[in-house]
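Here is the structure we will look at.
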Amino acid sequence: MRALQPGALCNRVRGGKCTVNVITVPTAALAVIVAMVVCQISLFSTTVFLHRTVSHKSLTLTPGVRFVFRFLIWITTGIRPRQWAAVHRKHHAYTDVPGDPHSPLLLGFWRVQLTNANLYRKVAKDPETIQKYAKDLPPDRWDTVLFDHALLGLGLGIGVLVLSLGWEWGLVASAIHAVTYLALNAAINAFGHVVGRQPYPNTARNNQWLAFLTAGEGLHNNHHAAPTSARLSLAPRQLDPGWWMIRLLASRKWATIRLEQPRFLAGNAPVSVPAP
């Protein structure tokens, strides 16, 4: 593979290294760093927007902020929010029983970890599932013009990376981002129902290490105990980076949190809930 060509993030290439302003960074390292940043942007957008805002209505966002998240999801993942919400709501309706789209207890750990995207796509393309679980999310004019065109969004996102890093390393960064995003989302469904702590009596599991990597989504047992909570960290020493972003948005009056205290499902309520 040839050396990186100059782009928006690379002012000059010499000896296989990219000069970014006054900092010289190996081209491969720069591609990995950019890929990880893009991946975290998509993970934060997934948990704050797709999961907590759209699927569970745990918070509402101002129209401008909501549009920004829709755009970020579009160019980094190509996901259609109503499809994601429908699949996730069906998962809650049939958690680890027949009908669950991606239960590792039914399908096996490795099938979910390695083929989670295919399992998602199968259910997301079912019109009956969308009608039943996302009837409150009809497509609007922006969906018609932009957000329902996944390949257009992904092409735009890849184009930005190519222009920034050069075509070779831009494609490498895109591939690293895609693999990492898919693997971490699969881990939420696979590890999140097989390995980890169960402070509440449901089949999901908490993994703080996974929560660090997925903007809080690894606290999966907590989420199944209180699905409408905007905060997934429900005990001392639990850390939920997605909640930090939500608090920041709320402090700027860009978000309104639905419930000040978690509302637990029957059989999951603790004696007391620590303040956020």
Quiz prompt | Value at 222 nm in deg cm²/dmol, rounded to 500, when DSSP H runs of n ≥ 4 in the chain each add -39,500 (n - 2.57) | solution = -15500 deg cm²/dmol
Exercise. Please arrange His220, His149 by counting, for each residue, the other beta carbons lying within 10 Å of its beta carbon, fewest first.
Key: His149, His220
Quiz item: Relative to the first principal axis of the alpha-carbon coordinates of the chain, what is the inclination of helix 109-124, with its axis defined by its Cα atoms, in degrees from 0 to 90 and to the nearest 10?
Solution: 90
Exercise. Rank by packing, highest mean first: peptides 36-49, 60-73, 154-167, with packing defined as the count of other Cβ atoms within 10 Å averaged across residues.
Key: 36-49, 154-167, 60-73
Self-check item: Choice from Thr77, Thr115, Thr95 showing the highest fluctuation, given a GNM over the chain with Cα pairs closer than 10 Å
Solution: Thr115
Quiz prompt | Sequence of Glu217, Glu260, Glu168 once ranked by neighbouring C-beta atoms within 10 Å, starting from the fewest | solution = Glu260, Glu168, Glu217
Quiz item: Among all lysine pairs in the chain that are eight or more places apart or on different chains, how many have alpha carbons less than 23 angstrom apart?
Solution: 12
Quiz item: Most exposed first by the Cβ proxy, i.e. fewest other Cβ within 10 Å, how do Asp140, Asp148 rank?
Solution: Asp140, Asp148
Self-check item: Unit charges on C-beta of K, R, D, E only; dipole of the chain, Debye
Solution: 340
Self-check item: In Hz, Karplus ³J(HN,Hα) per residue of the range 184-200 (6.51, -1.76, 1.60; θ = phi - 60°; x = Gly, Pro)
Solution: 6, 5, 5, 5, 4, 7, 7, 4, x, 10, 10, 10, x, 7, 10, x, 10
Quiz prompt | Residue with peak Gaussian network fluctuation, the chain [Cα springs, cutoff 10 Å], from Ala93, Ala134, Ala225 | solution = Ala93
Practice problem: Name the residue farthest towards the positive end of the dipole of the chain from the options Val172, Thr115, Ser229, assuming +1 on Cβ of Lys and Arg, -1 on Cβ of Asp and Glu, about the Cα centre. | Solution: Ser229
Quiz item: Which residue fluctuates the most in the chain, going by a Gaussian network model with Cα springs under 10 Å, if the choices are Pro227, Pro81, Pro201?
Solution: Pro201
Quiz item: According to the square roots a ≥ b ≥ c of the eigenvalues of the Cα gyration tensor, what is the shape class of the range 150-261, taking rounded for a/c under 1.5, prolate for a/b larger than b/c otherwise, and oblate for the remainder?
Solution: oblate
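Readers should treat all values here as calculations from the given coordinates under stated rules, not as data from a laboratory. Please read all numbers here as calculations on a predicted model, not as lab measurements. Glycine also receives a Cβ, built like all others from the backbone with ideal geometry; neighbour counts cover every protein chain displayed.
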